[in-house]
Structures are given as C-alpha cells and as structure tokens.
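> Could you have a look at this structure, given as structure tokens, before my questions?
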Amino acid sequence: TNYHYLVPLLDRIDEGRSIDASHFAAAYHLAKSEEITPKINLVGPLTFLANAKCSDGSDETFAYYERVVARYEALLLALSKLDDRVTIQCDEPIFATDRAEGLGLLIKDAYTRLCRVAPNLTLHVVSYFDHASEATKVLCTTPVAGIGLDFVYGIENLQTLETIAQSGKQLIAGVIDGRNIWISDLDAKLSLLERIAEVVPKERIVVSSSCSLQHLPYSLRFEEKMDAQIKQWLTFALERLEEIALLSRHFFDGVLDAKAQARWEENRRANEARKNSSQIRNDAVQARMQEIERYKKARTPFEKRINKQHERFGYLPLCTTTIGSFPQSDAVRQTRRAYKNGEIDEATYIERIKGFIRDCVALQEEVGLEVLVHGEFERNDMVEYFGEQLDGVAFSQNGWVQSYGSRCVKPPIIYGDVSRPAPMTLFWSRYAQSLSNKPMKGMLTGAVTILNWSFVRDDQPRAETCYQIALAIRDEIDDLQKAGIGMIQVDEAAFKEGYPLRREKREAYERFALESFRISTGVAEDETQIHTHMCYSEFDDIIETIEAMDADVISIETARSGNTLLKVFKQKGYRQEIGPGVYDIHSPRIPSIEEIEAQIEALLEVLPARQLWINPDCGLKTRREEEVKPALRHMVEAVRRVRQKHGIG
Ligand code: GLN
Ligand code: ZN
C-alpha cells in the first residue's frame, strides 16, 4: 500500500517506566458508552520488532525481543483491567512475509506468554496481504483464541485450515477485500466461505475483511460527481461493512429477508453490469496490447547511447540537478485550488503557473544548477496528476487514504483500459525549456508507480493494466523528445515497495514491472537521456533489476544511509550513471558546504566522478524556499570545490 510510517528506533527500553494505557482506556470507554464492546487492536510485538530499526542503524532489533515482550505483557495486564472480558487483536502482518519462517520459536514464546498475562484476556492474531502458513501452524500450538487470515491476497491460507480445525481455534476469515474498492461478488464469497466451512466448523468462523479498512476511503455516500455507472461498481469502507454484514447473515442464517435479498440481487446485477460494460473497453488500446511484445524491444546498448548523450549535452562529471518538484508555497496551492473551484479561468491559471515556473527557473540559474526542472507546480500529487489525464481512470471527490501521518492521497481508480487522450506534460515542459539554454528535464511518473499507488481493476492481471499505462507514458516521452526535451525523468518512487511479500511471487512482479519501464522508455532515441528516481528503499536485492531497467541516470535516496548503498552498486558492477542524494530533504536543516563536500568525497571513494551526478535525495515540494535556496547553493559550491580539487572541468 501507499501507507508509510515513522520507523521506531530502538536503543534503550526503560523497564522501570510504567505503561500508560490511558489512550486505549479512553477509546474503550467511549465505545462502551455507545453500547459496543470493542476489541482492542495492537501492532503485534514481532511485527513491531521486524519493522523497527536500532538507533545505531543496524537491523538487529530482535536483540530487544525480551524487553519488548515484557512491555507488551505489562500493557496487556493494564488492558485486562478494562472489563470483565477483554478481547485483544494483535496485527502481525510480518507473518505474511518470508520472515515468518525463521520466527517460529519467538511466535510460540511471545503468544504463549501474552495469553498467560490474565485469565480474562481473549487474544486474536491477525495477518494480511498474503498467506501466513508458517505462523499459523505455530499459533495453533499456543493458547491464542483466534487466528485471522487473508483469503483474498493469500488464498494459500486454505491449506492450513485443517490445522486450525484441529486446534479448535476461531478463524477470522478475511474474505472481503480490505485494500481495494471493487464491489465483492457476494455469490463467490459465499462459496468460498462454504468451502472453508467444510473444514472449520461454522460456529468457529467469523466473517471479516481481509485487513483493516484503513487503506480504503471512508464512504461513497458523499460522491456526487462520479459517473453513476462506475459508482455502482465501488465500495469504500462503510460500504464494505454492509457487505460483510450481508454476507455473514446469508452464511449463518441460510436465508435472507426480503430487504437483504433485494440487496443481494442488486450486488449480482452490479457485478454483471461491470463485467459486460462497454465503458471498460477501448479497442485502440486492445489493438496495441496485441502487439505488446514489439514495444518491449531494448534500446541500443548503454555505452553507445551515453557517449552520444555526453556529446549532445556536454555536461561535466558531478553534474548538478534536482529531483523535480520545488516548494509548493501557499500561493501555488491557492492557484490550483482557485482554478479547480472555478474561481479563476484557464488563461489566468496558465499565466500564474507560468509565473511560478519562471521564478523557479530563475532561482536555479541563479544558484548555478546545470540541469534544470520546471518545478511541478501544476501537480497536486505525482500520481493523481497523471491519473486525472488518463482515460479509463476515475476520481473520487473525497476518497482520501492515509499515506503518512496526517498526509493523505486520493488514489486514481483504474476501472478500464487506460489511454492518453492528449499530451500530459508537454505544454509545461516546453514552456520551461523556452526559458533557459540549459537542459530542462521532462518529468513523468512511471507506470509501475502509478499502478502501485492506484486502486487497480481486478478483472484482468495487474501486468496488463501496467502495460497500458506504460504505453501512455511512452507516447508522452516521444512527444517530449520530439519537442526538443532531451532529458526525461521517469519517477519510479513505488517500484520497490510494490514487491510482493513472498519470494515465490517476486519474479512475476519483477518481470512486468521491468517490462513496463522498458515499454515506456524504449521509445527514447539514443540522444535522449532517460533518468529515473527511486525513493528510499533497500536496493541490495534488486540491483540487477535496477540495472535491467536500463535508465541512463538513476537518482536515489541515500542521504540517510551514507554510502553503504552505493557500495552495492559498485560491487555489482553497475555501469549507468547515478545521482545518490547528497542531503536529506525530509529535514528542514540546511546542510553546510563542507558537509556536502565531504559527502561527495566519500562517494568518489566508491565510484568514478564520470558516473556520478549530484542532487538532493528527493523532490523539494515539502520544503520552503528559504531552506531550498541556501541548501542548493551549498550543494553547487561543494561541487565547484570538489571539481577544482580533482581537476575536473
Ligand atoms: N519528481 C518527484 C518530485 O520531485 C518525485 C517525488 C518522489 O520521489 N516521491 O517531487
Ligand atoms: Zn523520492
């Protein structure tokens, strides 16, 4: 998902400190006052440890196992006092990953201990997004009361039903999709439940969503502008609850009353309508998809291309640039809002955005950057902006989903064949290029990232949808290069985070993700330089794939991990050019010249100058101009000093 969290850093766990459960108590009592007896959800201790880091940067978080479990015991004891019986759900999504394999002993130990904290506790352990076969087998040997499994994204969970049945535990059957928005096929869901009930006795089954509903928008109720047909194919969180209730009633009672029966029929009709709709089909796209192999052809070898590019642009080693966006000031946001609300007309809007671009280009010229960007002022979000311009994609008015803290995104809803009715970025890139003699990087979001950060249709393989988006991006690249935009960046911020949790599913993802990138960029001439950018990720295990993406330049977010990451590129003999971020844009702190200089020197110990670009580690949109200007100045000056010292240029 596009959900991100602040990674807990473990260093010292103060055992003397008492547990503060007042937050849980307040929520619990509020629910009780509404006549609900709630269960209490916690992140399970093993997932907590697996997703934390040590403050010294190491991953040895399980060294804290004893202390963390002891804190959980203390917390559960405090929670057990809230009521006569207290039900606690521990979310353990880590059980749906390959890591579960090595965690058996700890799962056994942790959940045996947590169940023993107090006699009035009922413990459920829930996982999602894939199967949890290894953990399920272990959990069945502990005193936990219930196990929650995802039967939408982890159908392999069916294989452990026998074990669950023998253990006598409750099964929380996640059969309704909790992370996508398409209406359920209730008939199919009912058969799935019946199939489960052949193994696990009905009275021990609880009908549920496949995961928490936090990844869905809140409700469809307030969507007034959405296409009426498409709206019937959707369910947001509240509507999911209705589905669960309806399905559960049918499953347990066998019969439905007239009103419920009518709703069931309605669901059937909506599914039929979606299947047979002409709205989801685009013949031109289908025709192109028939020839998709043709679009997968590789570019000429990198060594040949890069020489032509050096000739064309003549940039020096350690070329300076940025990742694309510049500060989204209040004025910028107000302009977009005013246009969207119809308060200013298109001509006024265009003039104002042009003004921001002019200022941005002037600023970059002034600080002395060598490859410029237009600043992305016309974009609300790197995915939403493209989604809004593609056919086959719908938008909600209020479909916000939490992404990070209080930051939310409104994911595109890809409901049909995707195509590009008109150029999406050409106008702005062309204008920006007209303002400077320096290369102006075109700025696109890659197909894989658009896919991973959207609600994707579930009636065809994701790969196919991804190829369709890739073709649209391909056409945009071609338009840009024909207009003289010689450097084009295709952002793949979500490339790594889209990787499946299970090793055996990785290859298929990798193949179509890679192919999609190449379908888009394969249209580039030798002299067109393709850049890509990836946000903070662990690249160690995907370095071959990154190489195979065959971009000419990749900028990556390394500022927070020193140059260890870069060593991986060196070890694997990575040949293309790399811009490792030299400072962390997520902090308002302005890095000094000396600091960046030292950072560049450290990079030079690993890779030759000719292979290196110098840039911040991500887009600057969340920073303020007062921070950005001096930081970039320092970066440019640091490069000047290093070049002088090494006799470059
Ligand atoms: N080009 C985008 C920007 O600069 C990239 C954002 C990202 O990597 N998340 O904002
Ligand atoms: Zn980034």
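The values are calculated or read from the model by the stated rules, or taken from the named source; none is laboratory data. Here the structure is a predicted model, which is why all the values come from computation and not from measurement. Glycine also receives a Cβ, built like all others from the backbone with ideal geometry; neighbour counts cover every protein chain displayed. Areas reflect the complete protein model, heavy atoms only, side chains present, ligands, DNA and RNA absent. Shrake-Rupley method; radii C 1.70, N 1.55, O 1.52, S 1.80 Å.
> LEU444: out of contact with any strand residue (DSSP E or B) (no Cβ under 6 Å at 6 or more places or on another chain) and either open to solvent by 40 Å² or more (accessible area, probe 1.4 Å) or not in a loop (DSSP other than H, G, I, E, B) (or both), yes or no?
Details: out of contact with any strand residue (DSSP E or B) (no Cβ under 6 Å at 6 or more places or on another chain): no; either open to solvent by 40 Å² or more (accessible area, probe 1.4 Å) or not in a loop (DSSP other than H, G, I, E, B) (or both): yes.
So LEU444 does not fit the description; no.
> Can you tell me which of (1) closer than 27 Å to CYS319 by Cβ; (2) open to solvent by less than 20 Å² (accessible area, probe 1.4 Å); (3) not in a loop (DSSP other than H, G, I, E, B) is the one SER436 doesn't meet?
Evaluating SER436 over (1) closer than 27 Å to CYS319 by Cβ; (2) open to solvent by less than 20 Å² (accessible area, probe 1.4 Å); (3) not in a loop (DSSP other than H, G, I, E, B) leaves (3) as the failure.
> Counting residues that are touching a residue at least 60 places away in the same chain (Cβ under 8 Å), surrounded by fewer than 16 Cβ atoms within 10 Å (Cβ to Cβ) and of a type in the set (Lys, Arg), which helices (runs of 4 or more DSSP H) fully inside the range 208-278 reach at least 2? Outline the logic, then answer.
Values: elements: 228-231, 237-253, 258-276.
Here the list reads 258-276.
> Right, here's the next one. Kindly establish whether ILE107 is surrounded by 14 or more Cβ atoms within 10 Å (Cβ to Cβ) and closer than 19 Å to VAL144 by Cα.
So ILE107 fits the description; yes.
> Here's something else I'd like to know. Having 3 or more residues that are surrounded by 17 or more Cβ atoms within 10 Å (Cβ to Cβ) and within 15 Å of ligand 1 (Cβ to nearest atom) is the bar; report the strands (runs of 3 or more DSSP E) wholly within the range 526-602 that clear it.
In the range 526-602, 529-534, 553-556 are the strands (runs of 3 or more DSSP E) which contain 3 or more residues that are surrounded by 17 or more Cβ atoms within 10 Å (Cβ to Cβ) and within 15 Å of ligand 1 (Cβ to nearest atom).
> Then there is this: I'm trying to understand the selection: among the residues of the range 543-564, which are within 28 Å of PRO461 (Cα to Cα) and within 16 Å of ligand 2 (Cβ to nearest atom)?
First, pick out the residues of the range 543-564 that are within 28 Å of PRO461 (Cα to Cα): 543-551.
Those that are within 28 Å of PRO461 (Cα to Cα) and within 16 Å of ligand 2 (Cβ to nearest atom): ILE546, MET549, ALA551.
> Among residues belonging to the range 300-322 that are in a loop (DSSP other than H, G, I, E, B) and either open to solvent by 10 Å² or more (accessible area, probe 1.4 Å) or at pLDDT below 95 (or both), point out the one that is nearest to ligand 1 (Cβ to nearest atom).
Once the filter is applied, the top-ranked residue is TYR315.
The rows are residues; the columns are (1) open to solvent by less than 50 Å² (accessible area, probe 1.4 Å); (2) under 28 Å from the mean Cα position of the chain (by Cα); (3) at pLDDT below 95.
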residue	(1), (2), (3)
GLN334	no, yes, no
TYR339	no, no, no
ASP345	no, no, no
ARG352	no, no, no
PHE356	yes, no, no
VAL367	yes, no, no
GLU376	yes, yes, no
ARG379	yes, yes, no
TYR385	yes, yes, no
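> Only one of these is farther than 27 Å from LEU363 by Cβ and open to solvent by less than 20 Å² (accessible area, probe 1.4 Å): ILE477, ILE473, ILE485. Name it. Show your work before the answer.
Working: ILE477 fails: farther than 27 Å from LEU363 by Cβ; ILE485 fails: farther than 27 Å from LEU363 by Cβ.
Of the residues listed, the single one that is farther than 27 Å from LEU363 by Cβ and open to solvent by less than 20 Å² (accessible area, probe 1.4 Å) is ILE473.
> Mind listing whichever residues of the range 515-573 are at positive phi and in contact (Cβ under 8 Å) with a residue 60 or more places away in the chain?
Correct list: ASP550 only.
> When residues of the range 606-648 are filtered for being outside any helix (DSSP H, G or I), away from ligand 2 (no atom under 16 Å from the Cβ) and open to solvent by 70 Å² or more (accessible area, probe 1.4 Å), how many remain?
The number of residues fulfilling the criteria is 3.
> Could you tell me whether the range 449-460 includes any residue that is open to solvent by less than 10 Å² (accessible area, probe 1.4 Å) and under 22 Å from VAL373 (Cα atoms)?
Scanning the range 449-460, I find at least one residue that is open to solvent by less than 10 Å² (accessible area, probe 1.4 Å) and under 22 Å from VAL373 (Cα atoms), so the answer is yes.
> While we're here: Restricting the range 551-573 to residues that are in contact with an Asp or Glu (Cβ under 6 Å, 6 or more places away or on another chain) and at pLDDT below 95, which is farthest from HIS634 (Cα to Cα)?
Here the residue is VAL568.
Yes/no matrix, rows are residues, columns are (1) at pLDDT 95 or above; (2) open to solvent by 30 Å² or more (accessible area, probe 1.4 Å); (3) closer than 30 Å to LEU238 by Cα:
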residue: TYR111; (1), (2), (3): yes, no, no
residue: CYS115; (1), (2), (3): yes, no, no
residue: VAL125; (1), (2), (3): yes, no, yes
residue: ASP130; (1), (2), (3): yes, no, yes
residue: THR136; (1), (2), (3): yes, no, yes
residue: THR141; (1), (2), (3): yes, yes, no
residue: ILE155; (1), (2), (3): yes, yes, yes
residue: VAL175; (1), (2), (3): yes, no, yes
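> Can you spot a residue in the range 508-518 that is within 25 Å of GLU557 (Cα to Cα), more than 16 Å from ligand 1 (Cβ to nearest atom) and in a loop (DSSP other than H, G, I, E, B)?
no
> Would it be correct to say that ARG503 is away from ligand 2 (no atom under 16 Å from the Cβ), open to solvent by 10 Å² or more (accessible area, probe 1.4 Å), touching a helix residue (DSSP H, G or I) at 6+ places or on another chain (Cβ under 7 Å) and farther than 19 Å from TRP613 by Cβ?
Here the answer is yes, as ARG503 does meet what is asked.
> In the range 86-103, which residues are open to solvent by 10 Å² or more (accessible area, probe 1.4 Å), without any contact (Cβ under 8 Å) to a residue 40 or more places away in the chain and not acidic (Asp, Glu)?
Result: GLY102, single match.
> Applying the selection to the range 27-60, what residues are in contact with a Pro (Cβ under 8 Å, 6 or more places away or on another chain) and either free of Cβ contacts under 8 Å to residues at least 40 places away in the same chain or surrounded by fewer than 14 Cβ atoms within 10 Å (Cβ to Cβ) (or both)?
If the condition is that a residue be in contact with a Pro (Cβ under 8 Å, 6 or more places away or on another chain) and either free of Cβ contacts under 8 Å to residues at least 40 places away in the same chain or surrounded by fewer than 14 Cβ atoms within 10 Å (Cβ to Cβ) (or both), then ALA27, ALA31, LYS32 are the ones that fit.
> Looking at the range 323-335, which of its residues are at negative phi, within 15 Å of ligand 1 (Cβ to nearest atom) and in contact (Cβ under 8 Å) with a residue 12 or more places away in the chain?
If the condition is that a residue be at negative phi, within 15 Å of ligand 1 (Cβ to nearest atom) and in contact (Cβ under 8 Å) with a residue 12 or more places away in the chain, then ILE323, SER325, PHE326, PRO327, GLN328, SER329, VAL332 are the ones that fit.
> While we're on this one: Going residue by residue through the range 464-471, is there one that turns out to be of a type in the set (Phe, Trp, Tyr), assigned to a helix (DSSP H, G or I) and more than 16 Å from ligand 2 (Cβ to nearest atom)?
yes
> Any idea which of (1) open to solvent by 40 Å² or more (accessible area, probe 1.4 Å); (2) modelled with pLDDT under 95 is the one ARG511 doesn't satisfy?
Of everything listed in (1) open to solvent by 40 Å² or more (accessible area, probe 1.4 Å); (2) modelled with pLDDT under 95, ARG511 misses just condition (2).
> Given (1) within 19 Å of ALA548 (Cα to Cα); (2) buried (at least 24 other Cβ atoms within 10 Å of the Cβ); (3) of a type outside the set (Lys, Arg); (4) within 16 Å of ligand 2 (Cβ to nearest atom), identify the lone condition not met by GLY498.
Result: GLY498 passes all but (2).
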